[in-house]
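Heads up: the structure comes next, in structure tokens.
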Amino acid sequence: MSIPAGPPQGNAVKTMEPRQRRTVVTPSHGEGAGGKAGSLPQARSFAARLIRWHKRHGRHDMPWQNTTDPYRVWLSEIMLQQTQVATVVPYYERFLRHFPRLADLAAAPVDDVMALWSGLGYYARARNLHACALAVMREHGGEFPHHPDVIAGLPGIGRSTANSIATFCFGAQAPILDGNVKRVLCRAFGVEGFAGNSVVEKRLWRLAGELMPKRDGGTYNQAQMDLGATVCKRGKPRCESCPLDDICVALASGRTGELPEPKPRKAIPRREATLLVLRHEGRILLETRPPAGIWGGLLSLPELPEAADARQWATRRFACRVIAVAPAPTLDHAFSHFRLRIAPLLLDVEPSSAAMEPGLCWLNDEELATAGVPAPVRRILEGLQASGNRPLPSRKR
Ligand code: SF4
């Protein structure tokens, strides 16, 4: 097996379990799953409760708040996808130090962007970020468009992110539907089914649209995100502190642990890959991964094709003489859709040609420290350094 070159598989669910086909509640048809009050909260009340709650209990001091600069808001929205706030903050601040304006990001080589993103994961976000900056410069004169539909046409920006930018920066009244909001809506309104399923998601969008207030859209959207992140948490919601506690269907029916319904389980495939650590005079050979697919565009250790002999393949592929070969400790890495076992193989080599193919480079320790490499490759390199990175006894196989 090898690291797949294609894009990750999506989360679409092909079929729904019988249980998931039960009623999906929206305010328009007024069916509940047994709410305490026996009826659904009205849209105005729902928004007003959240806006009131946010004034006292919401988050107000994150680095991307208190600004209407669409560049900063957009950057935070992209970084926060599938990533915790605490992880994002240092990346966000470092990114802004390097690229204070959208024009700086657009003018930078994509490799610099990838290097700054290195370790944050989901690297398609970084490639799209750069592509989006270029598109804004090229097609919108360097100014973010204001309308959510136009924003959603930019690379890497989905409907929820576009609406978020439009409400926070341009006063639009557009609903959002990120993971936190989905969780709050599923619980508060007793929405059944996996929220990633397209039918369920469509219903959630309709519900979100009906709940959207006519004013204070930015505060309302932020309140939903904050409630999901700090009170209506995934593991253990703090219902006693929730402004929706008297109208929440999940709480009233004792189903806070069941809603939202998890993604239907399926076995996570396991793959294996051999990565070659070619070493010569204190330098290590890295190559740029293809732009699409896993680790696309990042520097990585060369991957040995399946069933190939490492010594022969490396000799041919990199025009070098292999002096010694030895395995290094394996490591496991979990992607969203498969688990990868990496078997690094150390090869001490003597390059026989000074000419290097494009996409290949020999880096020393200092250069490796700042190179944009995927997290597991970083672990391999750090493991090598920790063990002294000593040459192998020659003739060892
Ligand atoms: S009452 Fe509990 S489950 Fe319901 S929305 Fe509030 S925190 Fe979530």
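Using a cut-off of under 14 Å, list every residue of the stretch 274-314 whose amide N is near the label point 7 Å from the Cα of residue 341 along the Cα-to-beta-carbon line. Backbone N within reach: 274-275.
Derived value for the chain: Kirkwood hydrodynamic radius 23.8 Å. Basis is the mean of 1/r over every pair of different alpha-carbon atoms.
Sort the stretch 204-358 into rounded, prolate or oblate with this rule: let a ≥ b ≥ c be the square roots of the eigenvalues of the Cα gyration tensor; rounded if a/c is under 1.5, and if a/c is not under 1.5, prolate when a/b is larger than b/c, oblate otherwise.
On the way: a/c = 4.01, a/b = 2.86, b/c = 1.40.
Since a/c reaches 1.5 and a/b is larger than b/c, the shape of the stretch 204-358 is classed as prolate.
In the chain, with Lys and Arg counted as +1 and Asp and Glu as -1 at Cβ, which of these residues, 330, 235, 116, has the Cα nearest the positive end of the dipole, that is, farthest along it? In the chain, that residue is 235.
A simple spin-label model places pseudo-atoms 7 Å from Cα toward Cβ; at residue 97 and residue 379 they are separated by 2.7 nm. Label-to-label distance, residue 108 versus residue 199, with points set 7 angstrom from Cα along the beta-carbon direction: 4.4 nm.
Ranked from largest, the principal axis spans of the Cα set of the stretch 20-252 equal 57, 32, 30 Å.
Length gain on complete extension for the stretch residue 131 to residue 57, per 0.36 nm per residue less the alpha carbon to alpha carbon distance? Write down the numbers at each step before the final one.
Working: separation 74, 0.36 × 74 = 26.64 nm, distance 3.68 nm.
That pair, residue 131 and residue 57, stretches by 23.0 nm at full extension.
Length, then width, then depth: along the principal axes, the Cα atoms of the stretch 270-386 run 40, 31, 31 Å.
Please find the FRET efficiency linking residue 66 to residue 357, where r is the Cβ-Cβ separation and R0 is fixed at 45 Å, and quote it to the nearest 0.05.
My answer for the efficiency is 0.40.
For the chain, a crude dipole built from +1 on the beta carbon of Lys and Arg and -1 on the beta carbon of Asp and Glu, taken about the Cα centre, is about 1280 debye to the nearest 20.
Quick one: in the stretch 234-286, what % of C-alpha pairs are over 18 Å apart?
Details: 845 of 1378 pairs.
Distances greater than 18 Å cover 61 percent of the Cα pairs.
Please tell me which of these pairs span more than 24 angstrom C-alpha to C-alpha: 182/266; 214/236; 55/182? Where the Cα-Cα span goes over 24 Å, the pairs concerned are 214/236.
Every read-out reported here was derived from the displayed coordinates using simple, explicitly stated rules and does not represent laboratory data. As the structure is a computational prediction, the values presented were derived from the model and not from experiment. Here Cβ is always computed from backbone atoms with ideal geometry, including for glycine, and neighbour counts include all displayed protein chains.
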